[in-house]
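The values are calculated or read from the model by the stated rules, or taken from the named source; none is laboratory data. The structure presented is a predicted model; accordingly, all values stated were derived computationally and were not measured. Here Cβ is always computed from backbone atoms with ideal geometry, including for glycine, and neighbour counts include all displayed protein chains.
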Amino acid sequence: MTPLTRRDVLFGLGGGIAGTLLSPLPWTVLDDVAIWTQHRRALPIPRDGETSVRPVACTSCPAGCSLRVRSVAGRPVFVSGEASHPLGGGACPFGLTLHHLAHHPLRLTTPVRLDAHGTPTRVALGAAVAAAAGALRAASRSGRAVLVLDQRPGRAVSRAFRELLAAVPYGLYATPDGEGATLQVLSGAAGGPLGIDLEHTRTLLSFGAPVLEGWGRPGRMLALRDRLRIVQLDAWRSPTAGLADEWLAIRPGSEGPLALALANVLVGEGLARTPAAELRDLLASFPPERVEPLAGLPASAIETLARSLAAQGPTVAIGGGDPGGGPLPLDAERAIAWLDVVLGSVGRAGGLVARGSLPDDGTAPLAPETSLAEVPDGDVRLLVIAAGDSGRALPWSALGRKLAPQALVVSLSPFRCGLTARADLVVPSPAPLEGHEEILPTADACVMSYAVTAPLLPPCAESVEPTRFLAELARAAGLGVPSDGTHAERLQRRAAAIFASHRGRVLVRGDEGFREEAPADAGAFWQALLEGGCWVDDSRAARAVAAPALPSPAAVAGWLRAEPARSDLPLVSFAARGAAGGTPPSPILTKLYQETALRPSVATIALHPQTARERGLVDGREMRVVSAAGRLDARLRCDPTLPPGRAAMAAGPDPAALHEQDAAPARGALALGVVEPDLTWRGTRVAITEA
Amino acid sequence: MNRRSLAAFATGLAGALAAGWLAFPRWLYVSADQPLPFNHRLHTSDATGFACTDCHAIRADGEFAGIPSMATCATCHAEPVGTTAGEKRLVEEFVRPGREIPWRVYSRQPDNVRFPHAAHVQGAQLACESCHGAHGTRETLVAFQEDRLSGYARGLITMDRCESCHRETGRGPLACIGCHR
Amino acid sequence: MKSPESNVRARYGMVVDLDRCNGCGACVVACAVENNVPPANGRATERTGISWLNVQRLEGAGGRAAFLPMMCQQCDTRTPCASVCPQNAVELDRSSGIVGQVPVRCLGCRYCMVACPYHARYFNWWDPQWPGTIAETLNPAVSTRTRGVVEKCNFCIQRLQAARTRHAATGGDPAVAPDYTPACVEACPAGALVFGDLGDPQSEVSQLAQSPESFRLLERLGTGAKVHYRTRRPWVRQAVADAPAPTDGRTHV
Amino acid sequence: MSERLDEGLTPRGLPRAPLRRFVLWLVPWTALLGVGLYAGYRCLAYGLNETNLDNRFAFGLWIYLDLTVIALGAGAFFTGLLLYVLRKRELKAVINSAVVLGFICYSGAVAILMIDVGQPLRAWFTFWHPNVHSMLTEVTFCLTCYLVVLAFEYLPIVLRNRKLSRLPSLLLFEHQLHKLMVVFALVGAFLSFFHQGSLGGLYGVLQGRPFAFREALAVWPSTFFLFILSAAAAGPSFVLATTWIASKLSSRALVRPEVYELLGRVSGRLLVLYVLLKSVDTLVWLNHTSPQLGIHPARFYAFDPFGTWVLFAEIVALGLLPALVLTSARWRRDPRFLVPAAFLACAGVALNRFIMTVQTLALPTLPFDPFLTYLPSWQETMSFLGVVAYGVVLYSLSFRYLNLFPQERELLASEEVTHVPLVA
């Protein structure tokens, strides 16, 4: 055997290369490596399966939009609005992410105790109930109040709360002021709920209510948009102001005097019915020239507007405030209510009309409904924050001031955020899509309606229906009520009462939209509701409206007092409905609040360029913003659409809170809000300096 | 070129061919057993009389339901049918505890590929066998071989075959997004 | 039966009614949910985020605002992005008129992003992450994307595929998709988005597209975009049709 | 450390700086290279969020760097073309240096490109599934092939090292390779023409970016030809400039003055042609192409800082001015004019690449777009500087251990200078 020469090696190598190229090796390797580079090992690959579509109700705010959820293999993957729903279709970005909430990082699945930093420690349900019962007994002993804050009154569970509170010596059932505040002022006088006959309204005069952004049932407004003339009186160019037929930029806090000035013109020019003598006297103090500097509007503009309201009637004037800015002061609402009275809008078609109520479905005595503002400060020994979201901001200090020393705060929310973050105990109710939900009419609705949706997902094992919590609390505290019965049974009882009343129509959800149907019995009615149907009352209640209360003399004097020149700026706080409430935003909402410029982020404070220039502040720089209630850092955003002499800041949501869960410092206008005794925070003023 | 060089070349060629055709596949593919034996022939025989689509159904929306869930098996196999060890294990390990059988799927495609069975079976009238082979007549399951690099089964249909068929028949999409997503 | 490549040639397009859009952002969110677009990374900004569809605000006199949903304009005659991709990850699908993007083929060179005048393409600057267990809600009809690749709106191609399959299952032509609607169109509560086949002269979308109130963005670039916009408000038309103005737009001090 | 530990490695008979001084010279550059490598690692490991690039500024400092170094690296192909094909024998004096520079530029560019793409593991798909209509495909193919060619051109220079050339088989290999140099030069020239052009085409085809878009001649936009021409013009200037720097740093003449002059002359004449064609192209673009796309050309220069001064700087100050100097035989003879003119020519091509990359992306396209700014992150900047440091290190090593300038020895003999080289 001769040794291998270089030549042999080269030829052998050549043969090897040729052979390799003729074998599958290189080609398979290339193909496989190509597939290998396409692997996404760290990424979730969702499981495929059968698709189903089910109707649900949105729980992010009281609008209760009807939604359709598409599930694959039992997992919800897509949510859309039920466009043809008889109560109004549509959905907002918050509703479209409803299916994320059960999976949200802030979701609580077991009862927990929260420490001062909001860090949760798991507790047994029995221990939580015992603690709450102890506080309830202590309250009874010491004559302190047991307060339930219900941000979505009118539900079956609301009734259970009121039954319990009626059995407690000093039980208070409170609801925060909301977008129906003007109507509430008038309903107080009417002795029953009122709604707006928007279908026949010609002009809607909104004192800062976000009527085109998320107000009432959005679907109803969208359907009426082309027929309705919207005049927006707003301190900033809100989304509604930008889309309205007319936007008058007013000074913050001037809603009350402006409403009176409009009434003054109407009465003075004989365009409206002549009011009672005491109102005439009041109106005399608010001629347009007097209000001009208060509202920052020329007197001529006020006069022109007043004339157009009369000429293009029926006109409805509404207040109610912004979900992030909080309610208007009661006296401002009274002034707006009086404007409605002067316009003759109360009780007429296209105006404010009476709405029926749901038939009674129980006999147990109920604690009366009170406004949260009326609850005395420092008097509450046990506070229960009911699950259910108004979609509106409520600063903690509005509640905190009501608490007595050693008060216990129990929240029934499934999310560790908003007010719940300040609770001592959380007994989480089922997350959205995990329980039966009711759809009740919104504040603007002029017809009563009712709908129920069935759970789409099984509730997690340790979530507790509020009804069950109440039953256990009553048992532990030795109270007889609320009567037993699960949440679903209570809803069924309600449905049975509606069916028994023989009022209204039943609309059933079918493949080709909704159609009217007469269910054979209460069971069939319940089934139709669960399958996406709804009940709509047919009769509008007829009710005479007495005169609402006049704005208080103190408030009137305050409006007329000349404001001294100040260096700090009024803060306009705002948020979309559902953005600053007790339901956390889905992380996907970063698409609107972080990844695009569509919505201002809580991390910025807006000033008119001229206001910024006067103060030597530079666009885009970090600012230190200080109010009497707090301080925070925010980036300056010069916005030429914001009128000079004020600052504007979002109250929520804060998508960054999702990235830095542990110790995220509070951002946004709510951290700055100075809450007045009437629980408004619209008077907040801020000083801005470069950080 | 002399004879010696030729021999060297031939040796190299032969070695590489052997490596490429014989050794390489041995290294590349890892065999794995199916969790249970399954006799397709028995199920599709005249006595039982199932068609492929009785178990591997196409749903109303045209999507393929894939390998049937355990519930489908349980309709017949709630109790052991016969006395084989596999039958016993099926009932004890899967049917009674309600566990899904972790079958290894020969035709699992990457998740960015979409294969609409309705368009091929109902639209183009292709027989199941034309892609899946004569699975339905086998008494035992073929050994499952996983490609170490790609992570998919050996012999998985690749895009070349999709494309050539779509091109030849003039039917079916040729654009990427016709099938990829 | 017809072949999708030879005879069936839809040209899917959209008409966006700028007078109906109220800038609510439902389309933006629905798009992200349907297409498994991950939530923002903590450091993401307007310029590094991923939002296949975003809504631009147009400013008019007196504080008036209009909103303009921007997605891939699905260029037709001259697709600036498809011709520049070095490895065929982008192409115009002749059977649907959709400009398809295949992220698993993409190497992330971003040349297509440079080429696109509508800025409708998005790069995955971060590894996608879904907080909590939100990954449970991902849509199996859409493949998730890894870091380092480009993605964009493809008119919810998975919905077209599913619609074609549904049609095939009922005995129809697998190349035809009668009930095909992208997620944004389904989600829009204002009915501002009208979708359909521009090639079908009877369709609502092609009739709207031909009305004098309709126009396309950067019409003169000759991209043949299949997304049309319409408005009856002259100032909106002015704001969209004008050439870029030489001011920053953001700096006012 | 002994004075000359590496005596056996440096070219015979050529004075080199003491090893200690050479090492001291390399230390900061190696450190910079290290930081650059770390920055590059970060971008690969954590993703491109380490950069300040974004969806709107999708190309940035890196692409600018690639375009510029590839344009300057054109010196390699063009010198090779002149020497081997057009038989400009004088250029034998700089060809080795030009090849090393070319290799540095191209390998640096490819390295940066691999960091710049989001999925480097999939970069080879371009070869597996190429889109033949894309300019980038052309660039990728030519760039990779040309890098291989450059490696083969570089190899003989390395093999002629004093120590390596003692191995007979390597010497033989070197000899064989050397015989192929004409072929390499031709292939290199062909590939270079194409990818320099394709790099220009990269921008010229962007019909969505009216600032960059140019009308096509045959199938290529005019930038295709302008990029070839500007690279060919700047390449010799870059060889001239680097040779001058090397000569200054080693305190000794490396090539005869005629070589400088020849490089200057070639560069100057091409630059004249380039400036002429660029002016015509600019006029056509401003008066015909962009109005047709619905854009008033004044818009392009309406956003600060990109005023019309950009046009002036690019075409006159950094184009016409060096062109005039380099074409004038009298000025060319004077190094005080020649060398600055060469630097200006290089700066001109760099400015052109900067404008094509950055201004194109900064300008708005939609009516409601803002003008955009972008500042590279430290990771981008450091990997950019890392490439510069890599170039300096590799060039220094090559200069010290390989004979880059064949005339060095004869010039040394004639001048009888004995001063010690400054650094290398």
Review point. Can you name the residue in the stretch A:202-259 that is within 14 Å of chain C (Cβ to nearest Cβ) and of a type in the set (S, T, N, Q) and, of all such residues, is nearest to residue A:315 (Cα to Cα)?
Key: A:232
Study note, to complete from the structure: Among strands (runs of 3 or more DSSP E) entirely inside the stretch A:487-573, those with 3 or more residues being closer than 27 Å to residue A:183 by Cα are A:534-536
Practice item. Inspect all residues belonging to the stretch A:246-258 and state whether any of them is closer than 30 Å to residue A:86 by Cα and assigned to a helix (DSSP H, G or I). Key: no
**Study point:** Cross-chain or 6+ apart pairs with Cβ under 7 Å, the stretch C:96-122 first and more than 7 Å from every other protein chain (Cβ to nearest Cβ), then aromatic (Phe, Trp, Tyr)
**Key:** C:96/C:12; C:97/C:12
Point to revise | Residue selected from the stretch B:133-166 under the condition without any contact (Cβ under 8 Å) to a residue 12 or more places away in the chain and outside any helix (DSSP H, G or I), by the criterion nearest to the other protein chains (Cβ to nearest Cβ) | key: B:150
Check your understanding: What about residue C:49, is it at pLDDT 90 or above, on the phi > 0 side of the Ramachandran plot and facing chain A (nearest Cβ under 7 Å)?
Key -> no
Practice item. Please verify whether the stretch D:8-26 includes one or more residues that are buried (at least 21 other Cβ atoms within 10 Å of the Cβ), in contact (Cβ under 8 Å) with a residue 40 or more places away in the chain and touching a Pro at 6+ places or on another chain (Cβ under 8 Å). Key: yes
Practice item. Report the residue count in the stretch C:168-192 for those that are surrounded by fewer than 24 Cβ atoms within 10 Å (Cβ to Cβ) and free of Cβ contacts under 8 Å to residues at least 12 places away in the same chain. Key: 4
Revision key, fill the gap. Picked from the stretch A:103-130 (must be under 15 Å from residue A:476 (Cβ atoms) and surrounded by 21 or more Cβ atoms within 10 Å (Cβ to Cβ)), the residue farthest from the other protein chains (Cβ to nearest Cβ) is A:129
Review point. Which ones in the stretch C:66-98 are closer than 21 Å to residue D:128 by Cβ and in contact with a strand residue (DSSP E or B) (Cβ under 9 Å, 6 or more places away or on another chain)?
Key: C:81, C:82, C:83, C:84, C:85, C:89, C:90, C:91
Study note, to complete from the structure: How many residues of the stretch A:232-246 are in contact with a Ser or Thr (Cβ under 9 Å, 6 or more places away or on another chain) and within 22 Å of residue A:651 (Cα to Cα)? The answer is 9
Point to revise | Selection from the stretch A:74-128 of residues that are within 25 Å of the chain's Cα centre (by Cα) and part of a helix (DSSP H, G or I) | key: A:95, A:96, A:97, A:98, A:99, A:100, A:101, A:102, A:103
Point to revise | Per-region count, the stretch C:66-91, residues more than 12 Å from chain D (Cβ to nearest Cβ) and either outside any strand (DSSP E or B) or at pLDDT below 95 (or both) | key: 4
Study note, to complete from the structure: Expected output for the stretch A:15-38 (first residue more than 7 Å from chain B (Cβ to nearest Cβ), partner surrounded by fewer than 17 Cβ atoms within 10 Å (Cβ to Cβ), Cβ below 6 Å, 6+ apart or cross-chain) is A:37/D:121
**Study point:** Which listed residue is within 14 Å of chain B (Cβ to nearest Cβ), closer than 16 Å to residue C:155 by Cα, of a type outside the set (Gly, Ala, Ser) and in contact with a Gly (Cβ under 9 Å, 6 or more places away or on another chain), from C:178, C:182, C:174
**Key:** C:178
Check your understanding: Among the candidates B:60, B:23, B:51, which residue alone is more than 17 Å from the chain's Cα centre (by Cα), closer than 30 Å to residue B:123 by Cα and within 14 Å of chain A (Cβ to nearest Cβ)?
Key -> B:60
Practice item. Can you tell me which residue among D:96, D:49 is at the interface with chain C (Cβ under 8 Å from one of its Cβ atoms) and in a helix (DSSP H, G or I)? Key: D:49
Practice item. Read through the list (1) outside any loop (DSSP other than H, G, I, E, B); (2) touching a helix residue (DSSP H, G or I) at 6+ places or on another chain (Cβ under 6 Å), then give the number of the only condition that residue D:210 fails. Key: (1)
Study note, to complete from the structure: The condition from (1) under 16 Å from the mean Cα position of the chain (by Cα); (2) away from every other protein chain (no Cβ under 14 Å) that residue B:29 misses is numbered (2)
Review point. Would you say residue C:200 is among the charged types (D, E, K, R), over 21 Å from residue C:94 (Cβ atoms) and either away from chain D (no Cβ under 14 Å) or not in a helix (DSSP H, G or I) (or both)?
Key: no
Revision key, fill the gap. For residue A:471, the lone unmet condition from (1) without any contact (Cβ under 8 Å) to a residue 24 or more places away in the chain; (2) farther than 19 Å from residue A:129 by Cα is (2)
Check your understanding: Which residue pairs have Cβ atoms under 7 Å apart, sit 6 or more places apart or on different chains, and have a first residue in the stretch D:141-157 that is without any contact (Cβ under 8 Å) to a residue 24 or more places away in the chain and a second that is surrounded by fewer than 18 Cβ atoms within 10 Å (Cβ to Cβ) and not small (Gly, Ala, Ser)?
Key -> D:155/D:177
Practice item. Among the residues of the stretch C:148-171, count how many are within 23 Å of residue C:32 (Cα to Cα) and either of a type in the set (Asp, Glu) or more than 14 Å from chain D (Cβ to nearest Cβ) (or both). Key: 12
Point to revise | Given (1) touching a Pro at 6+ places or on another chain (Cβ under 6 Å); (2) under 25 Å from residue D:355 (Cβ atoms), index of the condition residue D:71 fails | key: (1)
Practice item. Kindly establish whether residue A:161 is within 14 Å of chain C (Cβ to nearest Cβ) and of a type in the set (A, V, I, L, M, F, W, C). Key: no
Study note, to complete from the structure: Checked against (1) crowded, with 22+ Cβ neighbours inside 10 Å; (2) in contact with a His (Cβ under 9 Å, 6 or more places away or on another chain), residue A:468 satisfies every condition except (1)
Point to revise | Residue list for the stretch D:98-124, restricted to those being among the aromatic types (Phe, Trp, Tyr) and either buried (at least 23 other Cβ atoms within 10 Å of the Cβ) or under 14 Å from residue D:68 (Cα atoms) (or both) | key: D:103, D:106
Exercise for review: Return yes or no: is residue A:71 in a strand (DSSP E or B), over 30 Å from residue A:392 (Cβ atoms) and more than 10 Å from chain B (Cβ to nearest Cβ)?
Suggested key: yes
Exercise for review: From A:666, A:656, grab the single residue that is under 22 Å from residue A:392 (Cα atoms), at the interface with another protein chain (Cβ under 10 Å from one of its Cβ atoms), under 23 Å from the mean Cα position of the chain (by Cα) and of a type in the set (Gly, Ala, Ser).
Suggested key: A:656
